[in-house]
Amino acid sequence: MAQDNPLVYSTDSGRIVPAEEKLQRPRGDGIVRIQRQTSGRKGKGVCLITGINLDDSALATLAAELKKKCGCGGAVKEGVIEIQGDKRDLLKTLLEAKGMKVKLAGG
């Protein structure tokens with residue numbers, strides 16, 4: 001039962017997790033989902049775009065392009081693109097034009 005990391009306990013770094021486990025995001029199933037969310041945002045709605053299998057830099061450039069075409073703000077957090085406002089229909093047409101399979105999720 002020998003492991004690569006012989007360290008059992010340390011007060012220096014807290015919980016010890018191998019580096020490859022820290023950096024992995026869940027992979028999508030090939031379907032991009034656009035969902036509207038207002039919970040925890042003081043009633044302000046955002047559209048969450050999940051399921052895009054791109055690396056962080058390509059995801060950031062895609063988010064910048066979507067924000068510019070929608071004329072609103074947004075962010076990329078943990079592999080999820082957040083676009084401010086309810087722009088689901090416009091986002092769907094923009095992503096389908098890029099050849100992605102898109103579904104509107106949620107209510």
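Given a cut-off of 24 Å, name the pairs among Lys42/Lys101; Lys68/Lys92; Lys44/Lys98 whose C-alpha atoms lie farther apart than that in the structure shown.
Details: Lys42/Lys101 31 Å; Lys68/Lys92 15 Å; Lys44/Lys98 28 Å.
The answer is Lys42/Lys101; Lys44/Lys98.
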Practice item. Would you grab the residues whose amide H sits under 5 Å from the one on Gly85? Only those 5+ places off in sequence or on another chain, please, with H modelled 1.01 Å from N. Key: Gly45, Val46, Cys47
Study note, to complete from the structure: Karplus ³J(HN,Hα) for the stretch 39-44 (6.51 cos²θ - 1.76 cosθ + 1.60, θ = phi - 60°; Hz, whole; x = Gly/Pro) runs 5, x, 10, 6, x, 7
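Can you pull out the GluC sites (Glu not before Pro) in the stretch 42-107 that DSSP calls coil and that have at most 11 other Cβ atoms within 10 Å? Don't jump to the answer; show the numbers that get you there.
Details: sites: Glu65, Glu78, Glu82, Glu96; in loops: Glu78.
Counting only loop positions with at most 11 other Cβ atoms within 10 Å, the GluC sites (Glu not before Pro) in the stretch 42-107 are Glu78.
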Revision key, fill the gap. Given 10 °C, 1.306 mPa s and a Kirkwood radius over Cα pairs, the Stokes-Einstein diffusion coefficient of the stretch 30-107 in µm²/s is 128
Practice item. Convert each backbone phi in the stretch 64-79 into a coupling constant with the Karplus relation 6.51 cos²θ - 1.76 cosθ + 1.60 (shift: θ = phi - 60°), then list the ³J(HN,Hα) values in order as whole Hz, x for Gly and Pro. Key: 4, 5, 5, 5, 5, 6, 7, x, 8, x, x, 7, 10, 10, 6, x
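FYI, it's all coordinate maths here, none of it is from the lab. Quantities reported herein were computed from a predicted structural model and do not represent experimental measurements. Note: ideal-geometry Cβ built from the backbone for every residue, glycine included; neighbour counts use all protein chains shown.
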